[in-house]
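Please read the structure below before turning to the comments.
The values are calculated or read from the model by the stated rules, or taken from the named source; none is laboratory data. The shown structure was predicted, so the numbers you read here are calculated from the model rather than taken from an experiment. Here the Cβ is made from the backbone with ideal geometry for all residues, glycine too, and neighbour counts use every protein chain on show.
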Amino acid sequence: MTRIFRLMRKCRYSLHDLSRIQLRRGRYPRFNMPFELGLATALAFGRKPAHERYVFAPRYRVVQQIASDLGGVDVYEHHGRARGVMIALANAFVRRRQPSAVDVVAIHRALREWVEIQCRRARPQRRLFEPTSFRDVVFVATARVRRQSGERTRT
């Protein structure tokens, strides 16, 4: 917990997905993310510039049921789907220059294909979060964003 809090203090932003808090038959829900969201909320009140927290969930209603004190905090719905997550992230991080939600979905699709070929089918098999694999994913994603943005501005 101390490690997570120290890391959060160093960051201006934190992302919290509240997808895994439903009761399931024979299983207890995990409360790590709601707890970490509480830590981020405490940071948001005491920092200059404020710590910005982004809350994601399959449905907005879930957050209202489990954390009604978060009223006023935007919750980005993703409906439990990868495409929904991409759209929710694009909506959360609206900036002047950014790919559209459609572009983000296309980039995600291209990255999944790249990972399938470069990591899963490679011999010996590469793990996605090894430093060199992750660096390559960032490179491919950045190149794809630039290409996608260029295609959009030319049309």
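Worth a mention:
- Residues of region 114-139 that are closer than 26 Å to Ala57 by Cα and either at pLDDT 80 or above or of a type in the set (S, T, N, Q) (or both): Val115, Phe134, Val137, Val138.
- Tally of residues being assigned to a helix (DSSP H, G or I) and touching a residue at least 24 places away in the same chain (Cβ under 8 Å) across region 90-108: 5
- Residues (surrounded by 12 or more Cβ atoms within 10 Å (Cβ to Cβ), without any contact (Cβ under 8 Å) to a residue 12 or more places away in the chain and among the aromatic types (Phe, Trp, Tyr)) located in region 1-34: Phe31
- In region 116-128, the residues that are within 16 Å of Val140 (Cα to Cα) and in the same structural domain as Val138 (by TED's automatic domain parsing) reach residues that are part of a loop (DSSP other than H, G, I, E, B) and charged (D, E, K, R) with C-beta atoms within less than 6 angstrom, at least six apart or across chains, in these pairs: Cys119/Arg126.
- Out of Val104, Val75, sole residue that is within 18 Å of Leu37 (Cα to Cα) and touching a helix residue (DSSP H, G or I) at 6+ places or on another chain (Cβ under 8 Å): Val75
- A search for C-beta distances below 8 Å between a residue of region 61-89 that is aromatic (Phe, Trp, Tyr) and any residue that is surrounded by 12 or more Cβ atoms within 10 Å (Cβ to Cβ), counting only pairs 6+ apart in sequence or on different chains, returns Tyr76/Tyr54; Tyr76/Val55; Tyr76/Phe56; Tyr76/Ala57; Tyr76/Ala88; Tyr76/Leu89; Tyr76/Asn91; Tyr76/Ala92.
- In summary, Ala44 fulfils each of the numbered conditions (1) within 22 Å of Arg12 (Cβ to Cβ); (2) exposed (fewer than 12 other Cβ atoms within 10 Å of the Cβ) with the single exception of condition (2).
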